[in-house]
Structures are given as C-alpha cells and as structure tokens.
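Working notes for the structure below.
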Amino acid sequence: MIPLSIAFLPLTDSAPIVAAAELGFAEAEGIALNLVRDTSWATVRDRLVYGQVQAAHLLAPLAVAVTLGLSQTPCAIAAPFKLNDNGNALTLSAEFAAALDPAPRNRIDDPVATAHDFAAAIGLHFRKPVIGIVHRFSSHALMLRYWLGFAGVNPDRDVTLRVLPPSLMTEALRAGEIDGFIAGEPWSSVAVNEGLGEIAAVGVNIWKRGVEKVLATRADWAEANPDALDRLVRALSRSAAWCDDPANREALAELLSRPAYVGQSRALIAQALAGRMPLRQGAEPVDIPDFLVFHRGAANFPWRSQALWIYSQFLRWGMVDPSPESERAAADVFRSDLYRRALAGEGIPMPGASMKVEGATGTPLGAGSHMGSLTLAPDRFFDGRTFDPEAIPAYLRALEIRRDD
Amino acid sequence: MRIAIIDERGLRATILEEGLREAGFDDIEVVPPTGAFVARLERMAPDVVLMNLGNPSRDSLEEMLAVSRALARPIAMFVDQSDDDMIGAAIDAGVSAYVVDGLRKDRVKPILDLAIRRFHAFSKLQAELDEARTELASRKAIDRAKAILMESRGLSEPDAYALLRTTAMNQGRRVVDVAEALITAASLLGGKP
C-alpha cells in the first residue's frame with residue numbers, strides 16, 4: 001500500500017476525497033489514504049507546499065495563485081483532477097436582502113436583475129456592505145466580483161470583502177460583523193436554517209460550470225511519483241462518480257455529517273447534494289439543477305482554458321501583472337495531460353482538446369473525443385459573454401469594471 | 001524588536017511568551033484573534049507575528065498582510081523561503097510566523113526556533129494532560145463496573161476485576177470498553193447506573 005496524506009477543509013465538496021478514503025476506492029488502487037482536516041486555506045496550502053501532505057483539496061484559484069507566488073512563496077502546483085463544479089451560494093442578512101426582489105426564487109433565477117438590485121441596495125445601506133469571502137484567491141471571490149462587476153459595482157471600492165474561513169461565516173453573520181457571505185455548502189444552508197440570512201444568488205446561475213475545488217499536488221511531487229498520482233486520480237474518479245449518483249446521496253450525507261468531516265446536519269447536507277436549497281427560513285427548499293456537480297458532463301476534466309479564465313480574473317482585479325510567463329504558468333496548473341494518462345485505460349471518454357472557449361455551450365453538446373461519446377454540459381456565463389483563452393486582452397478590454405478603472 | 005503572539009490568553013500563549021522573555025525579547029504582546037484584532041495589530045506595527053497554525057483567523061491575517069498599508073507589504077511568511085527544514089519543523093510544532101518587511105533573517109531565526117521548541121513543549125504537556133484525564137475516566141468506569149458485578153453477583157472486588165479482565169481478553173477488547181458496556185447494560189436493565 002502507498003501511504004498518501006491529503007489535507008481538506010470541512011465542506012460538502014470534500015466528498016470525493018472523503019468517500020475515496022472511507023469506501024475503499026483508494027484502497028482498491030493500493031493507496032492507504034490519510035485525511036488531515038484543517039480550518040483555514042492558508043494551513044492547507046502550507047501543508048502542501050512544505051510537504052506535510054502529498055495532496056490537498058484546494059480552491060482552484062489558490063492553486064494558480066500559489067504557482068504564481070501571489071502573497072506567498074512561489075511553488076508550482078499540479079492540478080490533475082477537478083473535484084467538483086459549482087456548489088457556492090451567496091447568503092445575505094435579511095436586512096440587506098430586503099432591498100432585493102421579495103420572492104427569493106426570483107432572485108436566484110434572475111442573476112442579472114439581482115446584480116442590479118444589489119448595486120442599488122449599496123446606496124440604500126448606511127455603509128459599505130461587508131461581504132465574507134473564504135479567501136482572496138477563491139472561486140467564490142472571483143464569481144462574486146464577476147457578478148457585481150457586471151452591474152457596475154467595483155468590488156474593491158463599493159463593498160468591503162472580508163476574508164473568513166467558511167466554518168466561521170455563520171457566527172460572523174450572527175454577530176453582525178458581515179452583511180452576507182459567499183461560501184460552499186453546507187454553510188449557506190446552515191445560515192438559512194438558523195434564520196441568519198437568505199440565499200440571494202447561487203454560483204451555478206452565475207457560471208453554469210463554475211470551476212471550484214481541485215486535487216492539488218506539488219508539480220515536482222507529481223513528476224517524481226507518476227504511479228502514485230495515477231492511482232490517486234483513478235480512485236478519485238471512481239469516488240466522484242459514486243458521489244454524483246443520486247442513489248448514494250443519503251449514504252454520502254451520513255458520511256459527511258460525521259464530526260471528523262463536515263460535522264453538520266445530515267439532512268441539510270443531503271438536501272444540498274440533491275440541489276434542493278433552502279432560500280429563506282421556513283420556506284420550502286427549491287430545486288436548483290447542477291447546484292453541485294461531482295462527475296457528470298466531464299466535470300473532473302481540468303480544462304487549461306478554465307485555469308486561464310482564473311488568470312484573466314487575476315489580471316482584471318490587479319492581483320497579478322500580465323506576462324507571457326505567468327500566463328503559461330497559470331495554464332500549466334491544470335494538468336489535463338496527467339488526467340488523460342491516469343484514466344487512459346478506464347473507458348472514460350476524453351475530450352479531443354484541452355482548451356475550449358468557455359461559456360459558448362448553451363445546450364448539452366456532443367464533443368470530439370478519443371473514445372466513446374462525450375457530452376459537454378452547458379457552460380454559459382450569466383451575462384452571455386464568452387471567454388476565448390487565445391484572446392485574453394480583448395476579453396479584459398470588453399469587461400466594464402476593472403481594477404484600473 | 002516587537003513581537004505579537006496571536007492566540008487566546010491561555011497556557012500556550014503564556015508558555016511562548018515566557019520563553020521569549022527569558023531569551024531577552026521584552027516587547028511582546030498577546031493578541032486574541034477576535035473582533036477587530038487586525039486593526040489592533042496594525043496599530044501595534046509588530047516586526048514579527050507568531051500565530052498558531054490551526055487558528056481559524058490565519059486567512060484573515062494573511063489577507064490583512066496582503067492589503068494593509070500600515071504594515072507595508074507582507075514579506076515572507078516564515079523566515080526564509082529556502083529554509084524548508086525550519087518551515088517543516090514550524091508546521092510540525094503548529095506555529096506559523098509572519099515576518100514583516102525589512103527584518104533580517106538572523107534576527108528572526110532565534111525567535112522562531114524558540115517558538116518551535118515552546119510549542120512542542122506545550123503539545124507534550126497537553127498530550128500528558130489528556131492522557132491523565134482519559135486514564136482517570138477509565139478508572140472510574142472500571143470501578144463502577146466492578147461495583148455492579150459485586151452487588152449483582154456477590155463477587156469480591158478482585159474476582160469482579162478478574163471477570164472484567166478475562167471477558168475483555170476473550171473478546172479482544174479493552175477492559176474499559178467492557179466496563180462501559182456493562183454500565184450501559186446495567187442502566188438499561190434498570191439497575192443503578
């Protein structure tokens with residue numbers, strides 16, 4: 001057995017890692033998986049960078065940021081597998097949500113209108129709203145910035161973004177330290193269930209295929225341990241397929257609800273896994289298709305174009321200076337080559353290309369593939385824009401709000 | 001040189017603070033990571049910030065270091081980017097150091113060295129305390145189980161203990177587990193818990 005340690009945070013989207021360890025997917029590949037739970041992303045990152053763990057459940061933008069050396073020691077990260085797409089929700093205090101459409105369902109169904117309502121609400125509020133984000137380099141923060149920027153809100157000027165670990169968001173909302181937060185599950189469900197806030201937007205309705213967590217390793221470790229990495233990716237691929245199967249939801253919710261993992265209500269976790277989200281305390285939860293995706297529609301494939309979308313947003317908000325070297329390094333974080341190698345013999349259909357124009361697919365689309373048939377899920381951005389990874393400068397020029405405005 | 005320790009006021013912070021004072025660092029402040037601790041830290045303008053790695057506020061502090069004007073740029077987390085052994089030891093001990101710009105490596109290293117030793121000492125102490133506590137709880141459970149056996153089956157104390165021990169050996173379980181099972185069973189059957 002190959003011993004491997006993986007660091008993770010208590011979140012519903014740690015499911016593929018937890019199930020791989022608990023249900024024998026890792027063992028079947030000859031891996032003895034040891035899970036290390038942390039509270040903050042900084043600790044997960046350090047454990048990975050300094051070799052205390054071989055792999056980590058990591059925010060996709062953080063994997064890119066660590067590679068580029070933003071705010072810390074640079075360390076090349078390899079992400080050969082995406083653990084999930086989507087899964088985030090924006091929860092606002094009732095006071096702030098009162099300025100939006102009174103029907104919670106309308107808010108999440110029409111992100112265009114809600115973004116404008118949010119912008120208007122900033123003016124009504126007696127001070128800048130404080131919104132909790134889980135990390136500066138998180139998918140949540142990028143999604144929130146993208147959504148607010150569309151409605152003319154400059155997130156660096158018009159709101160205060162405050163970094164807090166996901167598990168402390170509900171307490172901060174209760175204490176009135178923040179007016180809302182964007183985080184992965186189960187934290188929005190917990191906040192709504194306790195009557196602390198209302199869900200006003202969901203990640204899936206901002207970007208149908210929002211890149212969320214990845215499996216991250218150090219690039220030099222991946223290079224030196226190809227066999228162990230392939231085994232781990234295969235184990236996670238089977239685990240992710242199991243997690244995505246509706247028949248396994250109850251069992252998965254029970255597993256995640258244990259104190260060693262997420263440690264929150266089994267019923268709330270099961271509900272979110274099914275894409276049934278409570279928008280307001282006491283109201284019937286609503287169905288949100290693809291709220292959280294573990295496997296279907298090639299969700300695990302690390303598209304290099306998605307890493308570049310993250311890089312484009314770093315440029316947009318002035319988090320990194322443009323350079324051909326940085327652009328290449330960012331694209332290289334998502335290792336579609338390692339995904340292809342590990343899963344070559346698994347009968348999983350592979351996309352023919354490793355880059356695509358993001359946001360161009362409106363309906364399920366059959367794609368060129370080496371084996372079998374591959375259906376790509378719709379990946380639209382809510383504003384209808386597309387992202388061509390070959391034309392990043394033009395894409396950035398077209399976005400109204402940028403850091404340099 | 002001003003050192004900030006971000007921690008709750010407790011044994012761990014005390015151990016670290018005392019060690020630093022003994023080593024001749026006297027400008028030390030313990031800042032609990034609650035409320036507006038970041039603003040307080042900005043006013044203090046420390047040269048070095050020490051924080052427990054497991055602290056949930058780590059992300060908030062890093063964010064502050066990334067955007068703060070008062071503290072200038074955060075420079076490196078940890079002492080030297082190339083000193084992997086040192087960083088590994090710090091992570092092991094559960095301490096992370098944030099060093100603010102302009103401080104020389106040779107001045108920070110002794111602080112971090114000391115913090116690592118102190119944090120290790122604390123975790124050893126904690127482990128011993130936990131062990132003692134568990135042992136006490138186990139002994140209580142075994143005593144209660146013995147009492148139940150003595151009362152319900154008229155056994156002497158040594159015989160009651162022998163019965164618990166042989167049952168545990170036959171079942172491949174710990175004596176304390178058998179004792180707890182017996183206590184549970186006895187309370188379900190309506191005896192004295």
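Tabulated data
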item: Residue A:307 vs. criteria surrounded by fewer than 20 Cβ atoms within 10 Å (Cβ to Cβ), in contact (Cβ under 8 Å) with a residue 60 or more places away in the chain and more than 18 Å from residue A:184 (Cα to Cα); result: no
item: Yes/no for residue A:257 being polar (S, T, N, Q) and in contact with a Phe, Trp or Tyr (Cβ under 7 Å, 6 or more places away or on another chain); result: no
item: Residue that is modelled with pLDDT of 95 or more, under 21 Å from residue A:44 (Cα atoms) and not polar (S, T, N, Q), where the choices are A:192, A:214; result: A:214
item: Any hit, segment B:137-150, residues being over 18 Å from residue B:30 (Cβ atoms), buried (at least 20 other Cβ atoms within 10 Å of the Cβ), at pLDDT 75 or above and of a type in the set (D, E, K, R); result: yes
item: Yes/no for residue A:304 being under 20 Å from residue A:203 (Cβ atoms) and among the charged types (D, E, K, R); result: no
item: Residue check, residue A:140 within 22 Å of residue A:107 (Cβ to Cβ) and either surrounded by 23 or more Cβ atoms within 10 Å (Cβ to Cβ) or in contact (Cβ under 8 Å) with a residue 60 or more places away in the chain (or both); result: yes
item: Single residue of segment B:29-46 satisfying the filter (out of contact with any helix residue (DSSP H, G or I) (no Cβ under 8 Å at 6 or more places or on another chain) and more than 14 Å from chain A (Cβ to nearest Cβ)) that is modelled with the highest pLDDT; result: B:32
item: Check on residue A:28, touching a residue at least 12 places away in the same chain (Cβ under 8 Å), farther than 28 Å from residue A:377 by Cα and either surrounded by fewer than 24 Cβ atoms within 10 Å (Cβ to Cβ) or touching a strand residue (DSSP E or B) at 6+ places or on another chain (Cβ under 7 Å) (or both); result: yes
item: Segment A:92-108, residues that are surrounded by fewer than 16 Cβ atoms within 10 Å (Cβ to Cβ) and within 26 Å of the chain's Cα centre (by Cα); result: A:94, A:105, A:106
item: Of all residues making up segment B:3-53, the number that are among the charged types (D, E, K, R), more than 30 Å from residue A:178 (Cβ to Cβ) and surrounded by fewer than 17 Cβ atoms within 10 Å (Cβ to Cβ); result: 5
item: Test for residue A:296: is it closer than 21 Å to residue A:338 by Cα, over 15 Å from the mean Cα position of the chain (by Cα) and part of a loop (DSSP other than H, G, I, E, B); result: yes
item: Test: residue in segment A:372-389 that is assigned to a helix (DSSP H, G or I) and either surrounded by fewer than 14 Cβ atoms within 10 Å (Cβ to Cβ) or free of Cβ contacts under 8 Å to residues at least 12 places away in the same chain (or both); result: no
item: Residues that are within 16 Å of the chain's Cα centre (by Cα) and either at pLDDT 95 or above or more than 10 Å from every other protein chain (Cβ to nearest Cβ) (or both), drawn from segment A:139-165; result: A:139, A:140, A:141, A:142, A:143, A:144, A:145, A:146, A:147
item: Tally, over segment A:1-13, of residues that are surrounded by 23 or more Cβ atoms within 10 Å (Cβ to Cβ) and of a type in the set (Ser, Thr, Tyr); result: 1
item: Check on residue B:61, more than 20 Å from the chain's Cα centre (by Cα), at pLDDT 75 or above and either more than 8 Å from chain A (Cβ to nearest Cβ) or in a helix (DSSP H, G or I) (or both); result: yes
item: Residues within segment A:264-292 that are part of a loop (DSSP other than H, G, I, E, B) and in contact with a helix residue (DSSP H, G or I) (Cβ under 7 Å, 6 or more places away or on another chain), tallied; result: 12
item: Those helices (runs of 4 or more DSSP H) lying entirely in segment A:1-102 with at least 2 residues more than 20 Å from residue A:222 (Cβ to Cβ) and within 14 Å of chain B (Cβ to nearest Cβ); result: A:41-49
item: Complete set of residues in segment A:171-204 that are buried (at least 23 other Cβ atoms within 10 Å of the Cβ), over 16 Å from the mean Cα position of the chain (by Cα) and within 14 Å of chain B (Cβ to nearest Cβ); result: A:178
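Residue-wise test of (1) in a helix (DSSP H, G or I); (2) of a type in the set (A, V, I, L, M, F, W, C); (3) touching a residue at least 40 places away in the same chain (Cβ under 8 Å).
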| site | (1), (2), (3) |
| --- | --- |
| A:311 | yes, no, yes |
| A:315 | yes, yes, yes |
| A:319 | no, yes, yes |
| A:328 | yes, no, no |
| A:338 | yes, yes, yes |
| A:341 | yes, no, yes |
| A:349 | no, no, yes |
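The values are calculated or read from the model by the stated rules, or taken from the named source; none is laboratory data. Computed from a predicted model, the values in this text were never measured in an experiment. Using ideal geometry, Cβ is built from the backbone for each residue, glycine included, and neighbour counts are taken over all protein chains shown.
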